Amino acid sequence: MSDVPVTAAGRPAAEATRAGGGLAATFVLALGTFAVGTDAFVVAGFLPDMARSLHVSTATAGQSITVFAAAYAVLSPVLATLTAPLSRRTLLVGALILLGLANLGSSLAPDFRTLILSRVLAAAGAAAYTPGAGAASAALVRPELRARSLAVVVGGLTVATALGVPLGQVASGALGWRWALGLVAALCLAVAAGVARIMPSLPGSPRVPLRARLTALRQPAVLAVLPLTVFGMGASYTVYAYSVEALGAVGVADSRHVWMLFLYGLGAVLGNFASGFGTDRWGSTRVLTAGYLTMAISLGGLGWLASAHSPPSALVGLVMVGWGASTWCQTPAQQRRLIAAAPREAPLAVSLNSSCIYLGIGLGTLVGGATLPTGVGTVCAVACGVAIVALAFALATARVPGASATVTRGGR
């Protein structure tokens, strides 16, 4: 099977690069993933306030994250099939408009049930956008730049954790959580207008039945990659969805939560871009090994700090940076492995990985909510254990043929 990447219409990547402006065009796509990421992650910053407003417990309110993630995981491959004939620009703009309108609905939700329904619609918009943006970015650059291009697009998500989530918490504190979601809606609609104006046109492809698309799941190399994404994101989001409670448990004052969330996001940005460079240069196995080891240490350290008496803020900040970096170093390496394993099904492979990201987020949030009543230390211990499982799985599958995405001489 050829490893020359193709666009949705089957054109070689080199032709798409000439038409779309190569790596620079991926920054436009990253604006969209920033909007998606702000929507997906901002809720964690004001979860307790939202729970009080809707008269539910924090753990119950956290299930809005689980529902969003589960809907995303299910809808991503389905929407990849249904929207295949659409031009990529039409798809991406339409997805952002849906996301904006869904967030507007969330901001106006009179009760928890309405909020859940609006989050499902938001998940549909996100599920249509993120995989399409990732696959388009891979088609717009030369093969040796593919992981870096994917890192730029994923960088929109990580920048959202660095800026969108803390700013959402600030907006929620100043104006209320409803206004915070309203601002997210405005952001999505504004970015939709920008993508429509700037994004180069890439054609769609003939519609392929979902059953035929899912044949990629039969490939051992693909099956070796996808569960790792679930483990890795599940480990992190067992704690992250309840980060406000976790920060309170380690003695961080409410007024400083925003800065700790910013440090997590800063680590996410650094880890993501370092992963893109490191994967292109040294291969995915080394990047993932370092990432999951760092994640286990960070989550275990956070649990230990929760039992300590007034731990230094600098130490908590260092743990937050390591936690963020290890969470978001996974995606470029994992996407690169998938595209290497199934080059002719790159859009589907990226779509399935996005489904697994949100499946991991949903499962992690569910586990975190179930263990939260026993204390933050227990939540962190469970998350650390899952991170160790991810590390073991990464090492066990490193030599599966087609799944390692190793590099050639010169880092290419």
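At-a-glance table
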{"quantity": "Accessible-area value, residue 254, 1.4 Å probe, nucleic acids and ligands omitted, Å²", "calculated": "120 Å²"}
{"quantity": "Where labels lie 7 Å past Cα in the beta-carbon direction, separation of residue 87 and residue 255 in nm", "calculated": "5.3 nm"}
{"quantity": "Span from the segment 269-326 Cα centroid across to the segment 350-382 one, whole angstrom", "calculated": "17 Å"}
{"quantity": "Convex hull per residue volume in Å³, alpha carbons only, for the chain", "calculated": "115 Å³"}
{"quantity": "Evaluated over segment 345-392, the Cα radius of gyration and Dmax, each in Å", "calculated": "13.7, 44"}
{"quantity": "Loop-located trypsin sites (Lys or Arg not before Pro) in segment 29-132 whose Cβ has at most 12 other Cβ within 10 Å (DSSP)", "calculated": "none"}
{"quantity": "Separation in nanometres of the label points that stand 7 Å from Cα toward Cβ, at residue 218 and residue 97", "calculated": "3.9 nm"}
{"quantity": "Where the chain is the region considered: accessible area per residue in Å², 1.4 Å probe", "calculated": "37 Å²"}
{"quantity": "Per residue convex hull volume, Cα atoms of segment 84-185, in Å³", "calculated": "93 Å³"}
{"quantity": "Percent accessible area from carbon and sulfur atoms, the chain, protein chains only, probe 1.4 Å", "calculated": "69 percent"}
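The values are calculated or read from the model by the stated rules, or taken from the named source; none is laboratory data. Small disclaimer: the values here were computed from a predicted structure and weren't measured. Glycine also receives a Cβ, built like all others from the backbone with ideal geometry; neighbour counts cover every protein chain displayed. Areas reflect the complete protein model, heavy atoms only, side chains present, ligands, DNA and RNA absent. Shrake-Rupley method; radii C 1.70, N 1.55, O 1.52, S 1.80 Å.
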